[in-house]
Amino acid sequence: MTNVNSEKLSSARFAEATDAFVEIFTASVDFDKSMAQQDIQGSIAHATMLGKIGILTENERDAIIDGLQKIGIEIEQGQFNWSVKQEDVHMNIEARLTDMIGIAGKKLHTGRSRNDQVATDIRLYLRDEIKRIRAELTRLQNALLNLAERESDTIMPGFTHLQVAQPITFGHHLMAWFEMLKRDNERLADCLKRINIMPLGAAALAGTSYPIDRHMTAQLLQFAEPSANSLDSVSDRDFAIEFCAAGSLIMMHLSRFSEELVLWSSAQFDFIDIPDAFCTGSSIMPQKKNPDVPELVRGKSGRVTGHLMSLLMLMKSQPLAYNKDNQEDKEPLFDTADTLINCLRAFADMVPRLSAKKDKMYRAAKQGFATATDLADYLVRKGLAFRDAHEIVGRAVRLGVETERDLSELTLTELQQFSDCIDEDVFSVLTLEGSVAARKHIGGTAPDTVREAISKARAELAGNA
């Protein structure tokens with residue numbers, strides 16, 4: 001083995017230095033330095049608490065806090081020298097602190113372990129990231145509300161099985177997307193409750209013999225409370241898995257939005273226009289305008305779902321308490337947060353600039369006998385049982401298929417051959433406008449109902465801000 005380092009803060013146990021490859025292989029500083037500011041934040045709170053219980057003198061506490069703050073500035077300004085020899089973000093910061101202030105720096109680690117330290121850092125990191133993610137989610141929700149209001153009267157076909165089903169308004173369709181994001185935002189808020197529990201003080205796995213004040217530290221770090229069991233504290237990654245599960249649902253929803261945007265912007269649908277700023281061209285076909293942003297977001301959904309599976313597999317066979325396996329939790333977690341923020345930002349920027357091709361949508365809604373259900377409902381109101389009405393309309397649709405005409409284009413005489421309940425007033429329910437206007441109950445597609453839903457949603461968003 002090639003000996004390369006005997007100066008690690010934790011190296012006294014070993015008779016020989018770590019092999020050069022193993023040192024690099026086991027180090028995590030290249031990615032966990034993303035939590036540097038959270039690590040400093042936790043260490044300042046820990047030092048403050050140690051000063052209160054008399055483990056540190058006032059001078060030692062103040063020197064540690066001052067040193068940590070200066071290290072934070074070095075990191076922000078890109079002046080910090082990260083070393084793989086110190087393995088991770090924690091040891092790098094502690095080594096630099098000791099270089100700066102001397103022996104007092106070595107006292108900082110009293111009453112804690114890297115096990116509870118990293119568990120705390122991750123929770124602080126996720127707390128910050130969720131705040132950023134929810135801000136982008138809310139921005140996208142507001143963009144959808146504005147676009148839905150603008151398009152609340154725009155008629156388009158609604159689909160099941162990707163076949164024309166019934167006419168709806170574009171505003172109503174956009175509000176369906178809004179409801180998905182509303183649940184996503186609520187899930188993140190609920191997830192935050194379980195993230196906001198402080199493991200610091202659990203030490204390696206059994207707690208510490210020092211008279212630490214965990215409630216004080218939790219208060220300083222704005223955690224709801226300290227964790228209840230030291231073994232669980234250092235080994236729990238449920239909160240990270242739950243975050244990735246919430247993230248996977250967000251990305252699944254964005255992927256569904258993306259699929260519809262890709263379809264709708266195609267020549268075959270031609271329902272919408274995506275701004276040029278969010279598209280690219282082809283290297284060979286000059287006419288192409290490719291919806292790259294929706295396509296890329298759709299692709300990235302699999303990436304986040306993969307991270308969820310990775311964390312589930314990481315934890316499934318681990319005995320209590322902490323294991324080195326858990327070093328593998330950070331890269332998927334960090335990438336999930338980054339991917340969510342970037343995808344939500346792209347959509348929040350793009351959605352306000354989408355434009356509907358209303359005439360194309362309207363013409364498409366007139367295809368596929370979209371008002372067939374309205375004719376069945378009309379017959380029910382005339383006294384027929386729904387199943388009988390369903391059969392009658394089916395025969396009328398068959399005539400329309402054979403003669404290549406919509407139901408609204410059939411004559412009254414032709415319609416009456418299927419039922420003598422049909423009168424001249426039938427044509428009022430066979431129009432697209434009449435169809436959408438009739439669905440004015442809560443959750444329906446009627447324009448006024450859509451506007452009411454938008455108003456209510458705006459009030460809820462403002463209340464949650």
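The values are calculated or read from the model by the stated rules, or taken from the named source; none is laboratory data. Just so you know, these numbers come straight off a predicted model, no measurement behind them. Positions of Cβ are generated from backbone atoms using ideal geometry, with glycine treated the same way; all protein chains shown enter the neighbour counts. Remember, those area values only see protein heavy atoms, side chains included, never the ligands or the DNA or RNA. Shrake-Rupley method; radii C 1.70, N 1.55, O 1.52, S 1.80 Å.
Taking the highest mean first, how do the peptides 395-401, 244-250, 142-148 order by number of other beta carbon atoms within 10 angstrom per residue?
Output ranking for 395-401, 244-250, 142-148: 244-250, 142-148, 395-401.
Is it possible to state the helix-based mean residue ellipticity at 222 nm for the chain, with each DSSP H run of 4+ residues giving -39500 (n - 2.57), the sum divided by total residues, to the nearest 500 deg cm²/dmol? What is it? Provide the component values of the computation, followed by the final result.
On the way: 19 runs with 279 residues, N = 465.
Rounded to the nearest 500, it is -19500 deg cm²/dmol.
Taking the square root of 5 times each eigenvalue of the Cα gyration tensor, what semi-axes in Å does the equivalent ellipsoid of the range 126-262 have, largest first? Each step should come with its number before you reach the end.
Values: eigenvalues 396, 45, 16 Å².
Sorted largest first and rounded, they come to 44, 15, 9 Å.
What ranking do 103-109, 151-157 get when scored by the average of other Cβ atoms within 10 Å per residue, highest first?
Values: 103-109: 18.1, 151-157: 23.7.
The peptides rank, most packed first, as 151-157, 103-109.
Let me know the whole percent of all Cα-Cα pairs from the chain that are separated by more than 39 Å.
So the pairs more than 39 Å apart make up 43 percent of the total in the chain.
State the extension gain, in nm to one decimal, for the chain segment bounded by ASP62 and MET216, taking 0.36 nm per residue of separation less the distance between their alpha-carbons. Could the numbers behind the result be given before it?
Numbers: separation 154, 0.36 × 154 = 55.44 nm, distance 1.74 nm.
This chain segment gains 53.7 nm when fully extended.
Above 16 angstrom, tally the Cα pairs of the range 338-389 and express them as a % of all pairs, no decimals.
Looking at the range 338-389, the distances longer than 16 Å represent 67 percent of pairs.
Over all alpha-carbon pairs in the range 228-278, figure out the percentage whose distance exceeds 17 Å.
On the way: 755 of 1275 pairs.
Here the tail beyond 17 Å accounts for 59 percent of pairs.
Sum up the charges of everything whose Cβ sits under 13 Å from the Cβ of ILE55, counting Lys and Arg as +1 and Asp and Glu as -1, but leave ILE55 out. If you can, show how the numbers build up before the last one.
Working: positive: LYS52, ARG61, LYS106, LYS107, ARG112; negative: GLU58, GLU60, ASP213.
Once all neighbours under 13 Å are counted, the net charge is +2.
Residue separation times 0.36 nm, minus the C-alpha to C-alpha distance between ASN146 and ALA462: what's the value?
Details: separation 316, 0.36 × 316 = 113.76 nm, distance 1.41 nm.
Extending this stretch completely gives an extra 112.4 nm.
Need one number: convex hull volume per residue for the range 151-230, Cα atoms only, in Å³.
Values: hull volume 10.6 nm³, N = 80.
So the per-residue hull volume is 133 Å³.
Quick one: pull the percent of accessible area on the chain belonging to carbon and sulfur, 1.4 Å probe, ligands and nucleic acids left out.
Values: 11510 of 22550 Å².
Ligands and nucleic acids excluded, carbon and sulfur give 51 percent.
Starting from the Cα of PHE427, step 7 Å along the direction of its Cβ; do the same at LYS360; then give the gap between the two resulting points in nm.
That separation, rounded to one decimal, is 3.1 nm.
Only Lys, Arg, Asp and Glu count, each charged at its Cβ (+1, +1, -1, -1), so figure out the dipole size of the chain about its Cα centre, rounded to 20 debye. Please report the intermediate quantities before stating the final value.
Numbers: 53 positive and 67 negative charges, 88 e Å.
Roughly 420 debye for the chain.
Between the range 272-331 and the range 345-418, how far is it from one alpha carbon centroid to the other, in angstrom?
Between the Cα centre of the range 272-331 and that of the range 345-418, the gap is 39 Å.
According to the Cα gyration tensor, what semi-axes, each the square root of 5 times an eigenvalue, does the equivalent ellipsoid of the range 43-201 have, listed from largest to smallest in whole Å? Write out the running numbers ahead of the final one.
Working: eigenvalues 534, 51, 37 Å².
Its equivalent ellipsoid spans semi-axes of 52, 16, 14 Å.
Shape of the range 241-398 from its Cα gyration tensor (a ≥ b ≥ c, root eigenvalues): rounded if a/c is under 1.5, otherwise prolate when a/b > b/c, or oblate? Walk me through the intermediate numbers first.
Working: a/c = 3.71, a/b = 1.62, b/c = 2.29.
Oblate.
Express the Stokes-Einstein translational diffusion coefficient of the range 381-440 in µm² s⁻¹, to the nearest whole number, given a Kirkwood radius over alpha-carbon pairs, 20 °C and a viscosity of 1.002 mPa s.
Numbers: Rh = 12.2 Å.
Answer, rounded: 175 µm²/s.
Obtain the nm distance between the two label points defined at ASN81 and GLU186 by a simple spin-label model: each point lies 7 Å from its Cα along the Cα-to-C-beta direction.
If labels sit at ASN81 and GLU186, their model points lie 5.4 nm apart.
Per the Kirkwood treatment, what hydrodynamic radius in Å, one decimal, follows for the range 347-465 from the mean inverse distance over all distinct Cα pairs? The partial results should precede the final answer.
Values: mean 1/r = 0.0602 Å⁻¹.
Result for the range 347-465 stands at 16.6 Å.
Hey, any idea what Rg/Rh is for the range 416-464, computing Rh the Kirkwood way over Cα pairs? It would help to have the intermediate numbers written out before the result.
Values: Rg = 16.9 Å, Rh = 13.0 Å.
My calculation puts Rg/Rh at 1.30.
Please report the equivalent ellipsoid semi-axes of the range 233-316, computed as sqrt(5 x eigenvalue) of the Cα gyration tensor, largest first, in whole Å. Please list the in-between numbers first.
Working: eigenvalues 260, 30, 16 Å².
Calculated on Cα positions only, the semi-axes equal 36, 12, 9 Å.
How big is the charge dipole of the range 153-267 about its Cα centre, in debye rounded to the nearest 20, if each Lys and Arg gets +1 on its Cβ and each Asp and Glu gets -1 on its Cβ?
On the way: 8 positive and 13 negative charges, 15 e Å.
That gives a dipole near 80 debye.
Two-decimal Rg/Rh of the range 79-159 from alpha-carbon positions, Kirkwood Rh? Don't skip to the end; give the middle numbers.
Values: Rg = 23.9 Å, Rh = 17.2 Å.
Radius of gyration relative to Kirkwood radius: 1.39.
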